[in-house]
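The values are calculated or read from the model by the stated rules, or taken from the named source; none is laboratory data. Keep in mind that this is a model prediction, so the values were computed, not measured. Cβ atoms come from the backbone with ideal geometry, glycine included; neighbour counts cover every protein chain shown.
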């Protein structure tokens, strides 16, 4: 992808899933990558060519120490993939435990803010950069029985648009990626939780996800990586402040 060779990229939640695939694809395009994840065990399985350190995005001091180390190791930062998240609890609002609500919002929304602070400071100072925050189709629609996750992902869209407005004059662009239902272990766990909460079978839940997309499909980590690489490349140089779905066209949740 034109414009990615030699770029210095930080990827949160890079030990597994979508973010890991994005980190791998960035390396394939010639970028230098520093990954963070709460799981040291997952990070230790990353392929050669990806540097890493443990990162808890819910802890501001952990984030500051991680970014200091990452930016020093890379010699700067051109790209931030702000991907850390958690599914949170499943159930109606009135029975959602306040502690579980706070934990979900802390990782999905406040964690993204924690990571934006050092990244934006460095990018503004150098006069360039590209950031992709992870929202969700749940940041574009209401999502029954997933209130803390939905609220946090809507918050990501507002945070993204605000960051884009602040950083644009400094040559920094900020966008939000809104994945739909993504194939993989994380989605399997979400479906299991929804089946337990609603009484439907996992097969019924899976079919419900597909029927609400006009393309009748789940998406893959590579589908999302393709979009992220585009947004961070020269081809995406005039795209900022957008919430971009990659979801097979979701019509409702």
Please pick out the residue among 150, 178 that is modelled with pLDDT of 95 or more, over 24 Å from residue 11 (Cβ atoms) and in contact with a helix residue (DSSP H, G or I) (Cβ under 6 Å, 6 or more places away or on another chain). 150
Count of the stretch 43-61 residues which are in a helix (DSSP H, G or I) and either surrounded by 18 or more Cβ atoms within 10 Å (Cβ to Cβ) or touching a helix residue (DSSP H, G or I) at 6+ places or on another chain (Cβ under 8 Å) (or both): 2
Within the stretch 18-35, which residues are in contact with a helix residue (DSSP H, G or I) (Cβ under 6 Å, 6 or more places away or on another chain) and touching a residue at least 40 places away in the same chain (Cβ under 8 Å)? 18, 21, 22, 25, 32, 34
Search the stretch 186-228 for residues being within 30 Å of residue 163 (Cβ to Cβ), surrounded by fewer than 18 Cβ atoms within 10 Å (Cβ to Cβ) and in contact with a helix residue (DSSP H, G or I) (Cβ under 7 Å, 6 or more places away or on another chain), and hand back the single one that is modelled with the lowest pLDDT. 186
With respect to residue 6, is the statement that it is under 18 Å from residue 122 (Cβ atoms) and assigned to a loop (DSSP other than H, G, I, E, B) true? yes
Enumeration of residues in the stretch 198-230 that are farther than 30 Å from residue 79 by Cβ and part of a loop (DSSP other than H, G, I, E, B): 199, 200, 201, 212, 214, 216
With the structure loaded, tell me whether residue 169 is surrounded by fewer than 20 Cβ atoms within 10 Å (Cβ to Cβ) and part of a helix (DSSP H, G or I) or whether it fails that test. yes
Has the stretch 125-144 got any residue that is surrounded by fewer than 24 Cβ atoms within 10 Å (Cβ to Cβ), part of a helix (DSSP H, G or I), modelled with pLDDT of 95 or more and more than 17 Å from the chain's Cα centre (by Cα)? yes
